[in-house]
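Bear in mind these aren't lab numbers, they're just calculated from the coordinates by the rules spelled out. Quantities reported herein were computed from a predicted structural model and do not represent experimental measurements. Positions of Cβ are generated from backbone atoms using ideal geometry, with glycine treated the same way; all protein chains shown enter the neighbour counts.
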Amino acid sequence: MKWVQYGAVALPLLMAMPLSAQAQVRLVEYQCEAGRSFRVEYAGDAAQVMRGADSVTLPSVVSASGARYSNGQITLFTKGNQAFIEENGEQTYRNCVGQAVSSSQSTSQRVTYQCRDGRSFSAHYLDDSVELVLDGRTLTLPQVVSGSGIRYSDGITTLASKGNEAFVEVNGTMVYRDCLAEAASTQPPARPIPGLW
């Protein structure tokens, strides 16, 4: 019944769903039962799940069917445009239907990276660039072609990230290495879309 109503939407959404091997960034908004919703930014082999002001990056893990992203506590399962989230083995978001968000609807994202040597930096990801805050300085770096993950560079400073890992190079020398995303938020907060059920 619902497949008949949304059949014209289901196939394009199925084709728009991420493959873990792709490095292109995609934003999908999911509407779930009980009026709940969340957004997922798929980039390379990771999914950043945004629930209100809460955000967590989940690496891709092997799945027999569909796609699965998990950090051991939180797991996102997707197949076509369907999804659900489990937290510690219990479904917290269920019967979710996804809709790709166009770049004109996308939101910016702020991420703080904590590096193994104790230093940190922050990145404010925009549609085609990033505002990188290093040592109290803010640099705007345009997005550039990357073989894997995502890369921003002005020719001097380069930020490269894949999943929840990142590093920064200045003049070809790695100055921030072994850095992990520790927090992220969306600006403005995600707004629900009309229910698809």
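Data table
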{"quantity": "Approximate spin-label separation SER146-ARG110, in nm, with each point projected 7 Å along Cα-to-Cβ", "calculated": "2.1 nm"}
{"quantity": "C-alpha center-to-center spacing [the range 72-103, the range 123-166] in angstrom", "calculated": "28 Å"}
{"quantity": "Förster radius 22 Å - calculated FRET efficiency between VAL61 and GLN91, Cβ distance, rounded to 0.05", "calculated": "0.80"}
{"quantity": "Ranking of ASP154, ASP135 by count of other Cβ atoms within 10 Å, fewest first", "calculated": "ASP135, ASP154"}
